[in-house]
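Data first, discussion second: the structure below is written as structure tokens.
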Amino acid sequence: MSVRLQLAIMVGLMINAILFGIGIVTVLSVPVLADNAKYSIPALVVACFVTTPFVAWIIAPRLRLRYWQEREQGNKQQPI
């Protein structure tokens, strides 16, 4: 198992919680969606499960120390 996949799995749970939290607040605060909550909340859960792996896969490399070292070296080479 690659390091990126391991990081994506660990971060995926947190990303899923954040996406669900943002979505549930949106669903419950928009009157049209709140009226049809029995349909919109399950759709939200499915949408969160579908989008979580993609977002986690994008964020995972940024959590590696090597990425930040390369970024810092790039910033030092650029004149201020």
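The values are calculated or read from the model by the stated rules, or taken from the named source; none is laboratory data. These figures come from a predicted structure and were not determined experimentally. Backbone-built Cβ (ideal geometry, glycine too); neighbour counts: all protein chains shown. The accessibility values were calculated without ligands, DNA or RNA, using every heavy atom of the protein model including side chains. Shrake-Rupley method; radii C 1.70, N 1.55, O 1.52, S 1.80 Å.
Structure above, values below:
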| quantity | calculated |
| --- | --- |
| In segment 23-39, residue surrounded by the most Cβ atoms within 10 Å (Cβ to Cβ) [restricted to those that are closer than 21 Å to T51 by Cα and either touching a helix residue (DSSP H, G or I) at 6+ places or on another chain (Cβ under 9 Å) or among the aromatic types (F, W, Y) (or both)] | G23 |
| Residues within segment 11-22 that are of a type outside the set (V, I, T), closer than 30 Å to R66 by Cα and surrounded by 13 or more Cβ atoms within 10 Å (Cβ to Cβ), tallied | 3 |
| Search result, residues across segment 47-59 that are open to solvent by 90 Å² or more (accessible area, probe 1.4 Å) and free of Cβ contacts under 8 Å to residues at least 12 places away in the same chain | F54, I58 |
| Residue, farthest from the chain's Cα centre (by Cα), within segment 14-72, restricted to residues that are modelled with pLDDT of 90 or more and outside any helix (DSSP H, G or I) | N36 |
